[in-house]
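Take a look at the structure below.
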Amino acid sequence: MNTVELPGTGRHTSQLAIGSGRLMGATSLRDSLGLLEAAFDAGIRHVDTAPSYGIGEAERCVGEFLNRHQGEVTVTTKYGIPPPKNQRLMGVARAVAKPLMARIPGMKDRLRSVAAAATKNDAVVNYTVEGAQASLENSLRALKVDRIDLWLLHEASAEDLQDERLLRFLVASVEAGKIGSFGVGSEAEKIPGMYAERREYCPVIQCEWDPLAPVDQWADRFQVHHRVLQNWLPRLSAHLQNDVGLCRAWSRETGADLASPGMLATLLMKAALLGNPKGITLFFSKKKEHIAENARIAADESLARPAEILHTIMRREGRPMAAANS
């Protein structure tokens, strides 16, 4: 597995990372840890989390995992979106419902829907120094670490970053060794405004992968990309399924059968990794076999050429292809 150097830390970690957004919730601590252990066994050494993930319990789960592998795994967490309300209530509900999950079809999905409604957080997010201090200390405790490698402002926009005291706090936290580096983790549409107007907040940029974006976009920043398959696999699959001739033509050009199950997903994941060679590509799966498969893709150099060609084709097709299938 390729490794990258994290900014401000001197630490190296795997280019491929696993997210924790859907850990806990309707998944037990044991099963959630099992997914993280499967990632570790596959060579993945970076975990992405946040106080709001897993109905507010994902950081605690990741902390247990990090404690098992002290010094071997790096971590990203965030500040901005607080933990959801009614965490304790959902913990009790999950304990009651757990024995029923295996016996009643669809119970997990129903519990997940109820959890989402019960823990919905309607609070306005304020990016204040006081809030940042409290959030950082809470995350350090939950993760059981002395330093967080990457600490991101979660879903911030340029309008949120007006208080220079917050920037001074971020810099001071790096100097104190509490975080390795900081940055922003937001929807891609928010990034240009922050990069143009509040660039000093953006040593690290995390957003969804866009294969059609300029190749040198934010090239001077450490980048973390996610939603590779979630955003692009459905639309690209539909694009090719609607035109068998086009699928055959692209298959000839790439030298890979794009109609073969799994091939399109494989090449998309590889293309995302190749397009961000000095940064991190993030994914999540609740299936251990998918975790292992993504790790295999990351390590398989024979996939590089067809993935590069597919990326070139996508860029050639451009925005009309993306818009038609979004």
**OP:** Please list the non-local residues whose amide H lies under 5 Å from the amide H of ASP48, H modeled 1.01 Å from N, same-chain partners needing a gap of 5 or more.
**Re:** ILE18, GLY19, SER20, THR76
Original post:
In the chain, with Lys and Arg counted as +1 and Asp and Glu as -1 at Cβ, which of these residues, LEU273, LEU23, VAL75, has the Cα nearest the positive end of the dipole, that is, farthest along it?
Top reply: LEU23
Subject >> Furthest towards positive pole of dipole, ASN294, GLN206, SER173, structure part the chain, Cβ charges >> reply: ASN294
**OP:** Pull up all non-local amide H partners of HIS226: gap of 5 or more, or a different chain, and H-to-H distance under 5 Å with H placed in the peptide plane.
**Re:** CYS207, GLU208, TRP209, LEU282
**OP:** Obtain the nm distance between the two label points defined at GLU301 and ARG30 by a simple spin-label model: each point lies 7 Å from its Cα along the Cα-to-C-beta direction.
**Re:** 4.2
Original post:
How big is the charge dipole of segment 136-282 about its Cα centre, in debye rounded to the nearest 20, if each Lys and Arg gets +1 on its Cβ and each Asp and Glu gets -1 on its Cβ?
Top reply: 480
Original post:
Under unit Cβ charges (Lys, Arg +1; Asp, Glu -1), what dipole magnitude, rounded to 20 debye, does the chain have relative to its Cα centre?
Top reply: 1080
Subject >> Sequence-distant residues sharing a close amide H with ALA156 (under 5 Å, placed H) >> reply: GLY185
Subject >> Length-normalised contact order of the chain in % [C-alpha pairs under 8 Å, at least 6 apart] >> reply: 19
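Once every DSSP H run of n ≥ 4 in the chain is given -39500 (n - 2.57) and the sum is divided by its residues, what mean residue ellipticity at 222 nm do you get, rounded to the nearest 500 deg cm²/dmol?
So the helix-based figure for the chain works out to -14500 deg cm²/dmol.
Any idea what the relative contact order of segment 263-319 is, in percent, if you count C-alpha pairs under 8 Å spaced at least 6 apart?
Worked out over segment 263-319, it gives 51 percent.
Only counting other Cβ atoms within 10 Å, I'd like ASP31, ASP220 sorted with the fewest neighbours first.
By the 10 Å Cβ count, ascending, the order reads ASP220, ASP31.
How much length would be gained if the chain were fully extended between ASP243 and GLU130, taking 0.36 nm per residue of separation minus their Cα-Cα distance, in nm to one decimal?
Values: separation 113, 0.36 × 113 = 40.68 nm, distance 5.50 nm.
Gain in length upon complete extension: 35.2 nm.
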Subject >> Rg over Rh, two decimals, the chain (C-alpha only, Kirkwood Rh) >> reply: 0.97
Subject >> Beta bridges by DSSP in the chain, antiparallel share as percent, to the nearest 5 >> reply: 10
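Where in the chain is the longest stretch that carries no GluC sites (Glu not before Pro) classed as loop by DSSP and with at most 16 other Cβ atoms within 10 Å?
With a cap of 16 other Cβ atoms within 10 Å, the longest stretch comes to 188-326.
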Original post:
Count of lysine pairs in segment 175-326 with Cα atoms under 22 Å apart, counting only pairs 8 or more residues apart in sequence or on different chains?
Top reply: 4
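We did not get these values from a lab; they are worked out from the coordinates using the rules stated. Please read all numbers here as calculations on a predicted model, not as lab measurements. All Cβ positions, even for glycine, are placed from backbone atoms using ideal geometry, and neighbour counts span all protein chains on display.
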